[in-house]
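For reference, the structure I am asking about is given below.
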Amino acid sequence: MGHIDTSEVIRASVWIRPTGEALEEILRLTRRMSVRERGPEVPPHLTLLSGIETTRADAGVKLKRVAMRLTPFAVGLGKIHREADYFPCLY
């Protein structure tokens, strides 16, 4: 008889979050949009991966493995484009 895993399955995404001046600039913009559009304020982030379905424990193990292999990197901001939606995306 096989083992039955009863671990809770979670749905998740992997984000990176801006820091420093980029974070402050994006926060100013998203706060204004949130007030103007009467929408939720979502923490600024870049989605690297979405639609993950796994257990919390397995996600933790995999994220730690990936994090150990990464080195810091910079992402430059250019002109901002907006998607008109309840959860507007900025590109």
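Of everything in the range 47-65, what is of a type in the set (A, V, I, L, M, F, W, C), in a helix (DSSP H, G or I) and open to solvent by less than 80 Å² (accessible area, probe 1.4 Å)? Give them in sequence order.
Hits for the range 47-65 are A57, A59, V61.
Still on this structure, I have one more. Filter the range 29-46 down to the residues that are within 21 Å of S13 (Cβ to Cβ) and either open to solvent by 50 Å² or more (accessible area, probe 1.4 Å) or among the hydroxyl-bearing types (S, T, Y) (or both) and list them by number.
T30, S34, P40, E41, V42, P43, H45, L46
For the range 9-24, name all the residues that are modelled with pLDDT of 85 or more and either part of a loop (DSSP other than H, G, I, E, B) or open to solvent by less than 100 Å² (accessible area, probe 1.4 Å) (or both).
Once the filter is applied, which keeps residues that are modelled with pLDDT of 85 or more and either part of a loop (DSSP other than H, G, I, E, B) or open to solvent by less than 100 Å² (accessible area, probe 1.4 Å) (or both), the range 9-24 yields V9, I10, A12, S13, V14, I16, R17, P18, T19, G20, L23, E24.
Please determine whether any residue of the range 33-44 is part of a helix (DSSP H, G or I), aliphatic (A, V, I, L, M) and at pLDDT 85 or above.
Taking every residue of the range 33-44 in turn, none turns out to be part of a helix (DSSP H, G or I), aliphatic (A, V, I, L, M) and at pLDDT 85 or above.
The values are calculated or read from the model by the stated rules, or taken from the named source; none is laboratory data. What you are looking at is a predicted structure, and each value in this text was computed from that prediction instead of being measured. Cβ sites come from the backbone with ideal geometry, for glycine too, and all protein chains shown count toward neighbours. The protein model used for the area step is the full one, side chains on, heavy atoms only, and it has no ligands, DNA or RNA in it. Shrake-Rupley method; radii C 1.70, N 1.55, O 1.52, S 1.80 Å.
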